[in-house]
Amino acid sequence: MLHLALAGAFFVLALVHFATWAAVRSQRVQLWLATSFLSFAALSLSTGATHHEVGWMFVDTRPWLLLGALCSIPLPYTLLRVLWALLDVPLTRTRRVLLGVAVAFGAMRVADVLGSVLATSGPRMTAEELARATMGLGLPMFWLLAVTVGGTWALEGARTLKRRGAMAAAVFVAALLALGILGRELAVDAGWMKGPPLFALVGLPFLLLASTSLAILTARSLRGADLGTGIHRYRRLARLGRGGMGEVWLAVRTGRAGFNRLVVLKRMVDEDSEDPAVRLHRFIGEARTAARLHHPNIVSVHDLGQVDGAWFIVMEYLSGVNALKLARLVRRGGEVPLEVVVELCLQSLKGLAYAHERGVIHRDISADNLVVTFDGVVKVVDFGIAHGVGSPQEHLAARSTASLPSVSRLTQAGDVIGKLAYMPPERRAGAEATTSGDIYALGCVLHELLWGDLPGVGLSLQQRAQWEGPDAPAVNRLLRGIVEKALHLTPARRFSDAKELEQALLPVRQALPTVDLGSWLRENFSERWSHERELSEMSDPAPEEVQALLSRAPASVPAELAPTQLVAKKEEPSEEEATRRLRSPR
């Protein structure tokens with residue numbers, strides 16, 4: 001009767017969590033909890049229905065045994081999803097493989113149980129008899145699944161204990177209790193001790209965990225946080241991608257009286273390949289740097305916070321495309337008018353000049369870090385590796401509210417960070433970053449927008465005639481000279497700062513037709529503009545609606561995007577080598 005009572009309790013809890021998920025919809029953890037409790041209810045019902053105390057109530061116990069065995073397929077999967085949702089960790093490739101293996105082992109166990117049940121001579125069979133019949137395959141599979149899931153819970157809870165606080169502690173305690181019950185059942189099955197089967201009691205720690213998690217979720221909702229759905233008043237809608245330091249999410253900032261505002265939420269995630277202290281420094285440094293730069297051509301940062309050790313940055317949502325999208329259009333044989341290219345670079349230079357005047361070197365200027373909005377405004381984004389003029393690499397701010405590492409622990413001597421394709425030669429050789437490096441990188445972007453490729457790829461004969469020949473338009477020759485100067489291999493022979501490059505481009509801009517950058521973008525990216533309008537008109541966007549909309553929208557960032565990386569030192573070219581390479585065909 002104990003198992004039947006537990007089945008009823010699990011079923012009620014499943015209904016509660018299903019109702020919570022149906023009401024909120026964005027709380028996916030509630031759905032996984034509800035499915036897990038439904039599986040525990042079926043497992044307890046199967047054990048209770050085949051027990052000798054209530055066997056007289058059921059003429060044929062085989063369907064109940066099959067019902068319990070079928071739980072071997074969804075239960076490990078849902079329990080693992082509950083674990084990762086409660087701890088708010090990303091579903092990595094390793095975790096996906098673990099889910100697939102769990103489902104495959106569960107299916108193998110069901111097949112073995114089905115064969116054993118069908119092979120029995122009579123309609124009545126107890127759980128103990130089924131265990132003996134599946135001793136060769138099904139029972140070992142069952143214990144392997146149970147111990148793997150319980151061990152994963154314990155390991156993940158212990159690993160995230162410092163970062164996830166109370167939730168990780170609740171997960172860890174529930175895992176230890178479940179493993180203790182599993183140990184007792186294994187001893188009974190192996191004949192090391194006698195006693196009735198109490199496997200359904202494994203669900204009791206999850207009962208306690210559900211109560212604890214609901215209390216934690218309620219407390220966070222009262223203070224503005226919502227685990228698995230948002231951070232503070234921000235509700236995550238869809239993941240846009242994953243960068244060098246974290247995941248990037250489309251989110252909505254919610255408030256009273258139906259206030260909603262789309263934002264971008266950048267959330268730092270665990271990465272085993274780099275020192276967490278280094279990542280934390282860069283992540284917080286990005287927020288601090290961007291927050292003190294108030295300019296129309298620099299992305300705005302709204303918030304920086306931490307929930308259970310997970311740091312996040314909230315930035316303005318930019319409705320548009322990045323410059324890399326335009327470069328790809330040129331690479332495929334399309335055309336971006338010169339006035340559009342020059343206007344894009346002029347606006348970028350305004351933001352860059354503002355940052356340089358305030359002592360900030362971006363260090364990661366690239367086509368994907370320049371976003372053109374449908375309002376016709378160019379924004380410089382991603383200040384993740386920016387640092388101050390004259391400051392040492394990876395320099396720490398003097399005042400900090402977070403526990404950050406000392407300077408000596410950050411980047412090893414000789415390491416250079418940035419995108420290799422946009423990096424000036426002196427940076428590749430290990431020299432300190434300067435504003436000249438940002439000018440070189442923007443020259444690379446200009447080269448990419450004009451000819452579809454980064455510097456180093458030679459121009460075709462037709463392009464040479466159009467840009468360098470005696471019959472080439474004066475504007476083209478002037479623009480070609482500006483690009484060559486910006487890309488000079490010797491820093492002293494480049495433009496001295498962003499304002500000088502801006503002044504050099506102004507005559508080119510005046511000689512070209514006027515252009516409304518926003519109108520041109522809306523006309524040439526009409527499909528994406530339509531999706532952006534539909535997104536902005538959603539009064540209360542739900543994750544399912546947004547993900548369905550984004551799945552129809554064209555991707556804004558190509559998959560082959562070059563990552564920001566550490567680069568080994570190279571020898572700096574001599575003056576003669578620099579001159580020779582500059583004059584060689586590109």
query: Pulled fully out, how much extra length does the chain show between TRP192 and ALA421, if you take 0.36 nm times their separation in residues and subtract their Cα-Cα distance?
result: 75.9 nm
message: So if each residue of separation counts as 0.36 nm, and I subtract the Cα-Cα distance between VAL97 and ALA472, what length gain in nm does that give?
response: 129.2 nm
- prompt: Put a dot 7 Å past each Cα toward the Cβ at LEU67 and ARG533; how far apart are the dots in nm?
  reply: 5.4 nm
- prompt: Among LEU176, LEU33, LEU521, which comes first, second and so on when ranked by fewest other beta-carbon atoms within 10 Å?
  reply: LEU176, LEU521, LEU33
- request: Quick one: what are the phi-derived ³J(HN,Hα) couplings along the stretch 174-188, Karplus 6.51/-1.76/1.60 with θ = phi - 60°, whole Hz, x for glycine and proline?
  value: 4, 5, 5, 4, 5, 5, x, 5, 4, x, 5, 5, 5, 5, 5
- prompt: Order of ASP453, ASP368, ASP516, ASP438 from fewest to most other C-beta atoms within 10 Å?
  reply: ASP516, ASP453, ASP368, ASP438
- request: Evaluate E = 1/(1 + (r/R0)^6) for MET135 and ALA19, where r is the Cβ-Cβ distance and R0 equals 45 Å; express this FRET efficiency to the nearest 0.05.
  value: 0.65
- request: Per residue of the stretch 88-100, in order, report the coupling 6.51 cos²θ - 1.76 cosθ + 1.60 (Karplus, θ = phi - 60°) as ³J(HN,Hα) in whole Hz, putting x for Gly and Pro.
  value: 6, 10, x, 8, 6, 4, 4, 5, 5, 4, 4, 4, x
message: What whole-number distance in Å separates the alpha-carbon centres of the stretch 426-447 and the stretch 323-373?
response: 14 Å
message: I need the phi-derived Karplus couplings for the stretch 107-119: 6.51 cos²θ - 1.76 cosθ + 1.60, θ = phi - 60°, integer Hz, Gly and Pro marked x.
response: 5, 5, 5, 4, 4, 5, 5, 4, x, 5, 5, 5, 7
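May I ask you to compute the full-extension gain from ARG242 to ALA9, defined as 0.36 nm times their residue separation minus their alpha-carbon distance, rounded to one decimal in nm?
Once the chain is fully extended between ARG242 and ALA9, it gains 79.8 nm.
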task: Obtain the nm distance between the two label points defined at LEU114 and ARG261 by a simple spin-label model: each point lies 7 Å from its Cα along the Cα-to-C-beta direction.
output: 5.6 nm
Other-chain or far-sequence residues with amide H under 5 Å of LEU240's (modelled H): VAL248, TRP249, LEU250
query: Taking amide H positions as placed 1.01 Å from N in the peptide plane, with prolines and chain starts having none, which residues 5 or more places from GLY305, or on another chain, fall under 5 Å of its amide H?
result: PHE312
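Where a number appears in this text, it was derived from the coordinates with a stated rule and is not lab data. What you are looking at is a predicted structure, and each value in this text was computed from that prediction instead of being measured. For neighbour counting, all protein chains shown are included, and Cβ atoms are generated from backbone atoms with ideal geometry for every residue, glycine included.
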